[in-house]
Amino acid sequence: MAANATIYKASLNIADMDRHYYAEHNFTLAKHPSENDYRLMIRLVAFVLNANEDLVFCKGIAQDDEPDLWQKALDGDIKLWIDLGQPDEKRIKKACGRSQKVIIYTYQEGSASAWWKQTEKVIKRFKNLSVVNLNIDGNIEEMAKRAMMLQCNISDGELTLLDDENSVTITEDRWKEI
């Protein structure tokens, strides 16, 4: 964990009706000093959307060689690489070369669209890359607490996050699919 990181505990109860995946996951997350609550919650959202027993959080923002999340095979090969934000072409090329599948989740409305318009033509060549823009309805930052218990429901492509006080709905715009 990064020096001066803030520690968060998260309990996610996931009911994904689209993939028929139902499980509870408990995590200890380190929030890097340069990371805000919004991005921390987007990391959790990315996990929920791809949840399985082998998907793990990486050092992400604190480590250039690792994504935010990944899933590795038993032999160490990277099956899934998940990055958040707006990575540059060099990072995307590296991720696509090292992993069987890469997903980039963008989440900042205005700047994500501008990044996509600038990058779209260049990254179309990567056959193992998906780019997904997350549309968030509600104040997801309010859910970021040092101890979180979240109910995560996915149905018909819509993710609903619930805690004791808040409800947030997240939909996806799939800009590039494998």
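The values are calculated or read from the model by the stated rules, or taken from the named source; none is laboratory data. Nothing here was measured: the structure is a model prediction, and the numbers come from that model. Reconstructed Cβ throughout: ideal geometry from the backbone, glycine too, with neighbour counts over all protein chains shown.
Going by the conditions given, is LEU44 at pLDDT 95 or above, touching a helix residue (DSSP H, G or I) at 6+ places or on another chain (Cβ under 9 Å) and either farther than 22 Å from ASP164 by Cβ or among the basic types (Lys, Arg) (or both)? Answer is no for this residue.
Using the structure shown, decide if LEU29 is modelled with pLDDT under 95 and either outside any loop (DSSP other than H, G, I, E, B) or aromatic (Phe, Trp, Tyr) (or both). The answer is yes for LEU29. If you check ARG39, ARG43 for being crowded, with 22+ Cβ neighbours inside 10 Å, of a type in the set (Lys, Arg) and either touching a strand residue (DSSP E or B) at 6+ places or on another chain (Cβ under 6 Å) or not in a loop (DSSP other than H, G, I, E, B) (or both), only one passes: ARG43. Taking ASP75 and the conditions (1) surrounded by 16 or more Cβ atoms within 10 Å (Cβ to Cβ); (2) farther than 24 Å from ALA23 by Cα, which numbered condition does it fall short on, given that it satisfies the others? It is condition (1) that ASP75 fails. Out of curiosity, is ALA10 of a type in the set (Gly, Ala, Ser), crowded, with 20+ Cβ neighbours inside 10 Å, assigned to a helix (DSSP H, G or I) and in contact (Cβ under 8 Å) with a residue 24 or more places away in the chain? For ALA10, the condition - of a type in the set (Gly, Ala, Ser), crowded, with 20+ Cβ neighbours inside 10 Å, assigned to a helix (DSSP H, G or I) and in contact (Cβ under 8 Å) with a residue 24 or more places away in the chain - is not met. Listed by first and then second residue, the pairs linking a residue in the range 107-135 that is touching a residue at least 60 places away in the same chain (Cβ under 8 Å) to a residue that is surrounded by 12 or more Cβ atoms within 10 Å (Cβ to Cβ) and assigned to a helix (DSSP H, G or I), with Cβ atoms under 7 Å apart and 6 or more places separating them unless they lie on different chains, are TYR107/ILE42; LEU134/ILE42; LEU134/VAL45.
Considering each residue of the range 69-122, count those that are more than 30 Å from GLU53 (Cβ to Cβ) and in contact with a helix residue (DSSP H, G or I) (Cβ under 6 Å, 6 or more places away or on another chain), and give that number. Residues meeting the conditions: 2. For ARG39, the stated conditions hold: it is in contact (Cβ under 8 Å) with a residue 24 or more places away in the chain and either farther than 14 Å from CYS152 by Cβ or more than 11 Å from the chain's Cα centre (by Cα) (or both). Of all residues in the range 88-132, which are within 14 Å of ASP173 (Cβ to Cβ) and of a type in the set (D, E, K, R)? Those that are within 14 Å of ASP173 (Cβ to Cβ) and of a type in the set (D, E, K, R): GLU109, LYS117, GLU120.
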